[in-house]
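Participant: I'd like to ask you about the structure that follows.
The values are calculated or read from the model by the stated rules, or taken from the named source; none is laboratory data. This is a predicted model, so every value here is computed, not measured. Reconstructed Cβ throughout: ideal geometry from the backbone, glycine too, with neighbour counts over all protein chains shown.
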Amino acid sequence: MAFEQDGATIVLSGHCPVEDAEPLLDALRATPDATVDLTGAGWLHTAVLQVLMVAGPTLRGRPAGPVPAACLAASLAASSAGLPAARAG
Amino acid sequence: MTNALLAQFIPEARELLERAGSGMLALEKAHSAEALDEIFRAVHTLKGTSGLFDVAPLTNLVHAAEDLLVEVRAGKLTLAPEIVDGLLDSLDLVGHWIDVLETREVLPDDAEAAMAGRVAALRGWLEAGGPAAAASTVERQAAPEWLGALPEAERQAAYMAGAPLVAWLYEPDESCFFRGDDPAHLVAQAPGLLGLRVLPQASVPPLETYDPVLSWLRFEVLCAAPVEAVTEHLRYVSDQVQLSPIAPEDLIVLDGPEDDAEVFGDFGTRARGLVATGARADLKAAAAALLGIIGPATRQADALRWIAALAPTASADALLRLVSAIDGAAPGTASTVPTAAAPAPAAAAPPPTGAEAPLRQRAEAILAAQAEVLAVPVEAALNAGRLESVRTVVRRCLRHLAPTRAEALSAALARSGDAAALLAVLRDAAEVAPAPAVAAAPKAAQKPAAPPAPLPAAPPGEVSEGTAGAGAGPARMLRVDQAKVDTLMNFAAELVVAKNGLAYLAGRVEQVSGSRQLGREIKEQYAVIDRIAQSLQVGVMAIRMMPVSQVFQRFPRLVRDTTRKLGKEVELVIQGEDTEADKNVLESLADPLIHMVRNALDHGIETPADRVAAGKPARGTLRLSARQENDNVIIEVADDGKGIDPEVVRDKALRVGLITPDQAAQMAPEEYVNLVFAPGFSTKEQVSDLSGRGVGMDVVRSAVRKAGGDVWLASRLGQGSCVTVQLPLTMAVTRIVTVEASGQQYGVAMDAVAETVKVPRGQIHRIKQRETFVLRDAVIPLVRLADSLGLTPAAGAPPDEEAVMVARVGRERVGIVVDGFRERMEVIVRPLDGLLAGLVGFSGTALLGDGRVLLVLNLPDLV
């Protein structure tokens, strides 16, 4: 398990495989005002990124690389717009 | 299918694709001019024939493949494995389109985009190999619409990176995580990744009901890399990706409301001057200054930002176009800058006037040929397809014609289905311009590939002639719809059954009228009809018989692709491909075989390094063999890989409770390995610790058993495994024996019956709950048919001797106690359907000669 929860802070560290998506989702459901600390996170699997996008928790730190950044940026846009926008294009 | 011409095209196209595909594989092994010619002919014919239909993407793709082959044939290009991959993939795509054409009569909607990607890849090799670039023949496709939505900074960076650029849209399918895909990772690793936008594919469920294992993202990606590199990177998800090579200019997508302030006019004049004098720094400064005073959301602001970013590097041409977009001057050039609202096709320049006249002449010639085609009387079924293809050709000619003529023709085209009207209009103009038409008509027919003109459609007769000439081998074949043969087969089989009625009749005549003479005559007549019916049945069966090579021929490709993916070296040896079996039997075999071959490659054969370490040659061998044994086809898939450890299988079977320790103690090692076929043996975790042999093997067995066959496995640890499939030669007519239990008659397939014996009651012993008897030193378990079927036992004292039918169930022998044996006969076993479909214990029903319905037992269900 690459994540630990300490009160309202969930710390993701190292490589987070697809298996982490479900426990992370459970944790975020249980803690609606959670802060997710990504400072120590390495690669996040798409499923994990998706959970972060849907739940839209407060993030601390950003994972390296343009792809996670683009995903998480999309999540911010979505949360500010209420619901995720339907497909663009 | 309403279009008879298209109906003919589809099987022909499949055959051509197959021929090209197998030629390609042969060519990769050893360069042979013959194989190359064969492929070329197939592809060329396919291109020519496809021109008859409205399938432009297909024709273009095949055309690109043909161009590549021309270069290979001329020795200017060597067939690297990547090129073969590309060609094979293209043929696969065409094959897929043919499938869609067959069901929907039109190409899938994404055909155009898919074609563009492939064509670009093929052309890429062409350009890399010989500078005789065919770029001019490829119409550049429009850039994807979503391009403008990418962040401007990323687009500007990409513009400066310059060609080659690829824009791709990746929509991973919902269940991709289950296959181990990580789409974000795949995107992050893409070559030359420059721009990216991530969106949800559709609305995402709220957090409460969210399912974390489904993928729902859509990635819009821009890469500065050759299209081949990106294609290669995405090869495993190619069905989820739309790839479009784009030009740097495509990236300049201007968005926002128009601002018609006067200041832009001034800027335009000034900027043109600056571009002309090459004062780029000043231009940048001017753009930046103007940006400071206008609203940032307008179209002009967008263009200004581009100018500011590109001023130091871009070509004068591109800058001038941007300037025009700002002040709206020189509309001719302005229109080439696409706007987000209306992305105009980038290269739609009208043909130069000089080339117009010959084109028009040629178009007229083609139209004259169409008129001739239409004038030939033809049967109604072909007529619809012919008219459709003529209409397509005429439509394509329209833009090369004189305006008045084009108008008249499109009016005629608008009245669909009216061949006479179209013919009249076509003829009309043939008289107006008779000279060029007559002169050019034969020329056009001779050179079907005259480049700039659309492909002229030759009369149908000519096409099939050309195909026959181009195709190798004797063409004395009849292509018949399988349904027709099946109908014939059914009648033949019914005749076989109906003639059985004569035997009953003979018996009844003897009983009722007591005339033995008449009965004998009927029997003689029965013998004659029997002989003819048998010959008829054999003859029809022979039509349905196909060589096993029909199934085997896909394996060279499968083995090649799989081993390339796995990094293994495997030699595929195919034996006995001439062995024939019924088409339905072979079709039922295809999927299980693919499964077994994949398993052998994936988990049986080791990597070259492991093989060398084990003292084996680095190159593994996979042997596919077929042979006929009695009324069965035997197919073997044998590898010389690491084999299966019977101990591991046994432990696993014990762990999941498939067998009890007692049973395990009684089993021989070779029986352990066959446990992999047991349902419930294979679970996901098995893949790693059991060399994955268990995965889906129960599916294989059930498929084979459904077709009336059986499958078993033999393996020696360290030396390899061999899966043997046994299938009946034909499934149409079954020889059965009828047995009686509790006054009811049932049929049992003769294949399953080993022998029939009478067993005295004293020799039947009871071991635990099971009755058994000893047959030639072997203990055989007994099953009472009446009990298994839940019938009340026959009244009266049990007989002194039991009639026992010793049957093979799987590879076991079982004795089945019946009340008596009746007759043997040949019947068509019809599967149970409708309400009876779920009935366990019966494989189907058969109609007897006297009109009764007989239930045919499925022994494995009963034992």
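Participant: Which members of the stretch B:396-417 meet the condition of being of a type outside the set (G, A, S) and part of a helix (DSSP H, G or I)?
Facilitator: Hits for the stretch B:396-417 are B:R396, B:C397, B:L398, B:R399, B:H400, B:P403, B:T404, B:R405, B:E407, B:L409, B:L413.
Participant: Take the residues in the stretch B:154-167 that are more than 12 Å from every other protein chain (Cβ to nearest Cβ) and surrounded by fewer than 21 Cβ atoms within 10 Å (Cβ to Cβ), then tell me which one is nearest to B:E228 (Cα to Cα).
Facilitator: B:P164
Participant: Next question, about the same structure. Say whether the condition of being surrounded by 19 or more Cβ atoms within 10 Å (Cβ to Cβ), modelled with pLDDT of 80 or more, touching a helix residue (DSSP H, G or I) at 6+ places or on another chain (Cβ under 7 Å) and not in a loop (DSSP other than H, G, I, E, B) is met by at least one residue in the stretch B:126-143.
Facilitator: No, every residue in the stretch B:126-143 fails to be surrounded by 19 or more Cβ atoms within 10 Å (Cβ to Cβ), modelled with pLDDT of 80 or more, touching a helix residue (DSSP H, G or I) at 6+ places or on another chain (Cβ under 7 Å) and not in a loop (DSSP other than H, G, I, E, B).
Participant: Here's another thing I want to ask about it. Cβ contacts < 8 Å: first residue under 30 Å from B:Q525 (Cα atoms), restricted to the stretch B:469-498; second residue among the polar types (S, T, N, Q) and modelled with pLDDT of 75 or more, any location; separation 6+ or different chain. Result?
Facilitator: Cβ pairs passing all conditions: B:A492/B:Q537; B:A493/B:Q537; B:L495/B:Q537; B:V496/B:Q534; B:V496/B:Q537.
Participant: State all residues of the stretch B:606-618 that are out of contact with any Asp or Glu (no Cβ under 8 Å at 6 or more places or on another chain) and either in a loop (DSSP other than H, G, I, E, B) or of a type in the set (F, W, Y) (or both); if no residue qualifies, say none.
Facilitator: Scanning the stretch B:606-618 gives B:E606, B:T607, B:G615, B:P617.
Participant: Could you list, in sequence order, the residues of the stretch B:758-791 that are touching a residue at least 60 places away in the same chain (Cβ under 8 Å) and either among the β-branched types (V, I, T) or in contact with a His (Cβ under 9 Å, 6 or more places away or on another chain) (or both)?
Facilitator: Once the filter is applied, which keeps residues that are touching a residue at least 60 places away in the same chain (Cβ under 8 Å) and either among the β-branched types (V, I, T) or in contact with a His (Cβ under 9 Å, 6 or more places away or on another chain) (or both), the stretch B:758-791 yields only B:V783.
Participant: State which residue pairs qualify: first residue facing chain A (nearest Cβ under 8 Å) and inside the stretch B:180-208, second residue acidic (D, E) in any location, beta carbons under 6 Å apart, and separation of 6 or more residues or different chains.
Facilitator: What qualifies is B:R197/B:E220; B:Q201/B:E171.
Participant: Name, by its number, the condition in (1) over 16 Å from B:D239 (Cα atoms); (2) crowded, with 17+ Cβ neighbours inside 10 Å that does not hold for B:Y170.
Facilitator: (1)
Participant: Only one of B:L61, B:L52, B:L17 is at pLDDT 85 or above and within 21 Å of B:V393 (Cβ to Cβ). Can you tell me which?
Facilitator: Details: B:L52 fails: at pLDDT 85 or above; B:L17 fails: within 21 Å of B:V393 (Cβ to Cβ).
Just a single option satisfies the conditions, and that option is B:L61.
Participant: Go over the candidates B:F9, B:F53 one by one and state the one that is closer than 22 Å to B:V480 by Cβ and crowded, with 18+ Cβ neighbours inside 10 Å.
Facilitator: After ruling out the rest, the residue left standing is B:F9.
Participant: Given (1) outside any helix (DSSP H, G or I); (2) in contact (Cβ under 8 Å) with a residue 40 or more places away in the chain; (3) closer than 30 Å to B:D578 by Cα, where does B:H603 come up short, assuming only one miss?
Facilitator: Only one criterion in (1) outside any helix (DSSP H, G or I); (2) in contact (Cβ under 8 Å) with a residue 40 or more places away in the chain; (3) closer than 30 Å to B:D578 by Cα is unmet by B:H603, namely (1).
Participant: Among the residues of the stretch B:189-228, count how many are aliphatic (A, V, I, L, M) and part of a loop (DSSP other than H, G, I, E, B).
Facilitator: Total satisfying the criteria: 7.
Participant: Now for a separate question. Here are B:A786, B:A803: which of them is touching a strand residue (DSSP E or B) at 6+ places or on another chain (Cβ under 6 Å) and in a helix (DSSP H, G or I)? Steps first, answer last, please.
Facilitator: Values: B:A803 fails: in a helix (DSSP H, G or I).
Just one listed residue meets the conditions, B:A786.
Participant: Pick out the one residue from B:L589, B:L601 that is touching a Ser or Thr at 6+ places or on another chain (Cβ under 8 Å), surrounded by 17 or more Cβ atoms within 10 Å (Cβ to Cβ) and either of a type outside the set (G, A, S) or farther than 24 Å from B:D710 by Cα (or both).
Facilitator: Only one candidate qualifies: B:L601.
Participant: Could I ask something else about it? Output the residues belonging to the stretch B:192-210 that are exposed (fewer than 14 other Cβ atoms within 10 Å of the Cβ) and not polar (S, T, N, Q). If you could, list the steps in order and put the result at the bottom.
Facilitator: Step one: list which residues in the stretch B:192-210 are exposed (fewer than 14 other Cβ atoms within 10 Å of the Cβ), which gives B:202-203, B:205-206, B:208-209.
B:A202, B:P205, B:P206, B:E208, listed by residue number.
Participant: Please tell me if B:R479 is at pLDDT below 85 and either surrounded by fewer than 12 Cβ atoms within 10 Å (Cβ to Cβ) or farther than 23 Å from B:E15 by Cβ (or both).
Facilitator: Considered against the rule, which asks whether it is at pLDDT below 85 and either surrounded by fewer than 12 Cβ atoms within 10 Å (Cβ to Cβ) or farther than 23 Å from B:E15 by Cβ (or both), B:R479 comes out as yes.
Participant: I would also like to ask the following. For the stretch B:234-253, what are the residues that are over 20 Å from the mean Cα position of the chain (by Cα) and either hydroxyl-bearing (S, T, Y) or within 14 Å of another protein chain (Cβ to nearest Cβ) (or both)? Give the steps one after another, and end with the answer.
Facilitator: Within the stretch B:234-253, the subset over 20 Å from the mean Cα position of the chain (by Cα) is B:243-253.
Within the stretch B:234-253, B:S244, B:V253 qualify.
Participant: Could you say whether any residue in the stretch B:214-222 is of a type outside the set (S, T, Y), within 14 Å of another protein chain (Cβ to nearest Cβ) and over 19 Å from B:E154 (Cβ atoms)?
Facilitator: Yes, the stretch B:214-222 contains at least one residue that is of a type outside the set (S, T, Y), within 14 Å of another protein chain (Cβ to nearest Cβ) and over 19 Å from B:E154 (Cβ atoms).
Participant: So is B:D173 out of contact with any Phe, Trp or Tyr (no Cβ under 6 Å at 6 or more places or on another chain) and more than 11 Å from chain A (Cβ to nearest Cβ) or not?
Facilitator: yes
Participant: Something else: Scanning the stretch A:28-75 for residues that are of a type in the set (A, V, I, L, M) and part of a strand (DSSP E or B), which turns out nearest to the other protein chains (Cβ to nearest Cβ)?
Facilitator: Looking at the filtered set, the residue picked out is A:L44.
Participant: Would you pick out the residues in the stretch B:619-659 that are crowded, with 17+ Cβ neighbours inside 10 Å, more than 26 Å from B:L589 (Cβ to Cβ) and in contact with a Pro (Cβ under 7 Å, 6 or more places away or on another chain)?
Facilitator: Answer for the stretch B:619-659, where residues must be crowded, with 17+ Cβ neighbours inside 10 Å, more than 26 Å from B:L589 (Cβ to Cβ) and in contact with a Pro (Cβ under 7 Å, 6 or more places away or on another chain): just B:P646.
Participant: Related question: Take B:A638 and tell me if it is within 26 Å of B:G708 (Cα to Cα), assigned to a helix (DSSP H, G or I) and among the hydrophobic types (A, V, I, L, M, F, W, C).
Facilitator: For B:A638, the condition - within 26 Å of B:G708 (Cα to Cα), assigned to a helix (DSSP H, G or I) and among the hydrophobic types (A, V, I, L, M, F, W, C) - is not met.
Participant: Tally time: how many residues in the stretch A:13-27 are within 13 Å of A:A55 (Cβ to Cβ) and either in contact with a Gly (Cβ under 9 Å, 6 or more places away or on another chain) or more than 11 Å from every other protein chain (Cβ to nearest Cβ) (or both)?
Facilitator: So the answer is 1.
Participant: Is it the case that some residue within the stretch B:19-37 is buried (at least 21 other Cβ atoms within 10 Å of the Cβ) and in contact with a Ser or Thr (Cβ under 7 Å, 6 or more places away or on another chain)?
Facilitator: no
Participant: Here is a follow-up. Would you point out which residue out of B:L147, B:L186 is more than 27 Å from B:L254 (Cβ to Cβ) and either within 31 Å of the chain's Cα centre (by Cα) or part of a helix (DSSP H, G or I) (or both)? Lay out the reasoning, then the answer.
Facilitator: Values: B:L147 fails: more than 27 Å from B:L254 (Cβ to Cβ).
Step by step, each of B:L147, B:L186 is checked, and only B:L186 is more than 27 Å from B:L254 (Cβ to Cβ) and either within 31 Å of the chain's Cα centre (by Cα) or part of a helix (DSSP H, G or I) (or both).
Participant: Another question about this same structure. Output the number of the condition that B:G820 fails; it satisfies all remaining conditions of (1) closer than 20 Å to B:Q763 by Cα; (2) buried (at least 19 other Cβ atoms within 10 Å of the Cβ); (3) small (G, A, S).
Facilitator: (2)
Participant: Tally the residues that are closer than 30 Å to B:W168 by Cβ, in a helix (DSSP H, G or I) and touching a Pro at 6+ places or on another chain (Cβ under 9 Å), restricting the search to the stretch B:229-287.
Facilitator: Within the stretch B:229-287, residues that are closer than 30 Å to B:W168 by Cβ, in a helix (DSSP H, G or I) and touching a Pro at 6+ places or on another chain (Cβ under 9 Å) number 8.
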